[in-house]
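Enquirer: One structure is given below, represented as C-alpha cells, and several questions about it will come after.
The values are calculated or read from the model by the stated rules, or taken from the named source; none is laboratory data. Keep in mind it's a predicted model, so treat the numbers as computed, not measured. Cβ: placed from backbone, ideal geometry, glycine included. Neighbour counts: every protein chain shown.
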Amino acid sequence: MVAKRVPLIAGNWKMNLDHLQSIAFVQKLAWSLKDARFDYAGAEVAIFPPFTDLRSVQTLISADKLELKFGGQDLSAHDSGAYTGEISGAFLKALDCSYVIIGHSERRQYHHETDEELAAKVAAAIRHGVVPVLCVGETAEDLEQHGPSAVPVAQLRAGLAGVEAGADIVVAYEPVWAIGSGQAATPEQAEQVAAALRATLVELIGHEAADATRILYGGSVKAANIAGFMRQPNVDGALVGGASLDLAEFSSIAQFQKHVGT
Ligand code: PEP
C-alpha cells in the first residue's frame, strides 16, 4: 500500500532576514495563510531561517500557537565540545526545530562538505530527533556526463550510509543548475529523478519508509510553476530559496492545491 505523504513546502532563507525581520515575516506569513483558510492538515509549511533567528521564531510560533514548522540550515556532526562556530543537533532540538537541511549545494560547494561528513550530519540529526532534509543534485556538467539520476542517487546512498531501515527523513532533489538560476527543471525531469531516488530509498530504508518519505523538488520554484511539480507522483513538496523571501509568493506556493486544482 502506498503511504499518504503530507506534502512539505519548505522555505530556505539562506543568509537573509535578521531576527527582527524574521518575526515580522513569520507573523505576516501566518496571517496570509489564515486569511486564505489554509489547511495545515493538507500540507506542512516550514521555514529555515539563519541560526540567530531561531529563538525568536520559536518563541513567536509557540506563543501564538502557529502551525508553521521550522528548522536549521545546517548542524554539526558532533554533539558538543571544542568545535568553534558549530551548532549541535541537541541545540536545534531544544529550540523545537522539526527539521534541519543537510548538504545544500552551497555548503557542498563553498564549505567543501563531503558525502562522508554529510552522512555523519544525517546521523547526528536522527540521533537528536530532528528530521534531516538531505539535499542531493547534479551540476550541469554532471548532467551532461552522467545523465540526470546518477549523481543524486550516489549522493543519497552516501548520505544515508549507516541510516537504519525505517528512518524518518526528507530528501530534496535540487539540480544545482536550477538553483537561483530562474531555470527550473521540468516537472518530468524532477519526476524522473524523484522516482530513481525513491527506488534507491526502498533499498536503503525499506519499502514502508521509502513510501512514507517526502521527496521535494528545489530549484527556481515559484507560484507560477509549483503546480507542475506537485502533480508528479513522486514529488511531495518543494524546497524554495529566493521565492521563500517574498511573502506573497511563498504564501501562494504553500497554497499549491489552488494551482493544482485538486
Ligand atoms: C535553494 O537554494 O535551495 C533553492 C532552491 O533556491 P531557489 O529557489 O532560489 O532556486
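Enquirer: Here's a check for you: in the range 107-122, which residue that is free of Cβ contacts under 8 Å to residues at least 40 places away in the same chain and buried (at least 17 other Cβ atoms within 10 Å of the Cβ) is nearest to MET15 (Cα to Cα)?
Expert: ARG107
Enquirer: Limited to the range 135-151, what total is found for residues that are surrounded by fewer than 24 Cβ atoms within 10 Å (Cβ to Cβ) and within 15 Å of the ligand (Cβ to nearest atom)?
Expert: 2
Enquirer: Among what's in the range 23-60 and is of a type in the set (Ser, Thr, Tyr) and part of a helix (DSSP H, G or I), pick the residue that is surrounded by the fewest Cβ atoms within 10 Å (Cβ to Cβ).
Expert: Once the filter is applied, the top-ranked residue is THR52.
Enquirer: Looking at the range 160-193, which of its residues are in a loop (DSSP other than H, G, I, E, B) and either closer than 14 Å to ALA238 by Cβ or of a type in the set (Asp, Glu) (or both)?
Expert: Once the filter is applied, which keeps residues that are in a loop (DSSP other than H, G, I, E, B) and either closer than 14 Å to ALA238 by Cβ or of a type in the set (Asp, Glu) (or both), the range 160-193 yields GLU164, ASP168, GLU174, PRO175, ILE179, ALA184, ALA185.
Enquirer: Across the range 208-256, which residue is farthest from the ligand (Cβ to nearest atom) among those that are in a loop (DSSP other than H, G, I, E, B) and over 24 Å from LYS28 (Cβ atoms)?
Expert: Across the range 208-256, the extreme among qualifying residues is PRO233.
Enquirer: Filter the range 224-262 down to residues that are modelled with pLDDT of 95 or more, of a type in the set (Gly, Ala, Ser) and more than 22 Å from GLY137 (Cβ to Cβ), then give me how many there are.
Expert: 4
Enquirer: Pull out all pairs, ordered by first then second residue, where Cβ-Cβ is under 6 Å, the residues are six or more apart or on different chains, the first lies in the range 65-76 and is over 15 Å from LEU118 (Cα atoms), and the second is part of a loop (DSSP other than H, G, I, E, B) and of a type in the set (Ser, Thr, Tyr).
Expert: The qualifying pairs are GLU67/TYR40; LYS69/SER98; GLY71/SER98.
Enquirer: Separate question: Please tell me if GLY71 is buried (at least 20 other Cβ atoms within 10 Å of the Cβ) and over 22 Å from SER22 (Cβ atoms).
Expert: no
Enquirer: Taking ALA82 as meeting all but one of (1) assigned to a helix (DSSP H, G or I); (2) surrounded by fewer than 24 Cβ atoms within 10 Å (Cβ to Cβ), write down the number of the exception.
Expert: Only one criterion in (1) assigned to a helix (DSSP H, G or I); (2) surrounded by fewer than 24 Cβ atoms within 10 Å (Cβ to Cβ) is unmet by ALA82, namely (1).
Enquirer: Then there's this: Identify the residue in the range 154-185 that is among the aliphatic types (A, V, I, L, M), out of contact with any Asp or Glu (no Cβ under 9 Å at 6 or more places or on another chain) and more than 16 Å from the ligand (Cβ to nearest atom) and, among all such residues, is nearest to HIS104 (Cα to Cα).
Expert: Ranking the candidates gives LEU156 first.
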